[in-house]
Amino acid sequence: MTEFRDSDRLDPLPGPGPVAPSIPRAALEGVRTRRILAVLLDFVAVSFLSGIVFVGLLFLSFGMSLFVLPPLFPLVAFFYNGLTISGAAMATPGMRAMDLEVRTMAGRPAPFLNAAVHAVLFYLTTLLPPLLLVSFLTSDKRCLHDILADLIVLRRSRPLL
């Protein structure tokens, strides 16, 4: 965990809506690399969960749902991201493993709808990978799907004693 000090804060971010709190520089260090690793871990977890749900529903329907189940991965990913990011940990299991958390730009925990839309937008963004390069153009390392969902991914902070 990282300690954030007031002297390390970035200037408040401009933008519509409520004024965003200043963000400590340490909260953004290594975020891109950690996000990539977190996505890989979460992809494995969502694939595993999708497989379990697929096999379970296949047996429960005696094979009748075979043609309905292929879009299962996006549904599982939608709820996986929505429930974990809007939960108490404010991160998916992959993000927690990489010491990350997701907040709104106002600094509050992300609501379910923002978190779920964030996931949908991420998977749409992966269809056009150059859109992920937006994080190199923003001072707070936000990707396009972060901006559209009004969220930011930060390193977890440890309260100063």
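The values are calculated or read from the model by the stated rules, or taken from the named source; none is laboratory data. These numbers come from a predicted model, not from an experiment. So basically every Cβ, Gly included, is an ideal-geometry build from the backbone, and we count neighbours across all protein chains shown.
Brief remarks on what is shown
- Verdict on Ser22 being touching a residue at least 12 places away in the same chain (Cβ under 8 Å) and surrounded by fewer than 17 Cβ atoms within 10 Å (Cβ to Cβ): yes
- Met98 being in contact (Cβ under 8 Å) with a residue 40 or more places away in the chain, closer than 21 Å to Ala26 by Cα, surrounded by 21 or more Cβ atoms within 10 Å (Cβ to Cβ) and in contact with a strand residue (DSSP E or B) (Cβ under 7 Å, 6 or more places away or on another chain): no
- Pair list, Cβ under 9 Å, 6 or more apart: region 50-74 residue loosely packed, with under 12 Cβ neighbours inside 10 Å, other residue assigned to a loop (DSSP other than H, G, I, E, B) and not hydrophobic (A, V, I, L, M, F, W, C): Val68/Ser61
- Criterion (over 28 Å from Leu133 (Cβ atoms), modelled with pLDDT under 90 and over 14 Å from the mean Cα position of the chain (by Cα)) met by exactly one of Leu49, Leu66: Leu66
- Within region 69-81, considering residues that are part of a helix (DSSP H, G or I) and among the aliphatic types (A, V, I, L, M), the one modelled with the lowest pLDDT: Leu72
- Any hit, region 33-41, residues being polar (S, T, N, Q), exposed (fewer than 12 other Cβ atoms within 10 Å of the Cβ) and under 15 Å from the mean Cα position of the chain (by Cα): yes
- Scan of region 77-95 for residues that are surrounded by fewer than 24 Cβ atoms within 10 Å (Cβ to Cβ), aliphatic (A, V, I, L, M) and out of contact with any strand residue (DSSP E or B) (no Cβ under 6 Å at 6 or more places or on another chain), ordered by number: Ala77, Leu83, Ala88, Ala89
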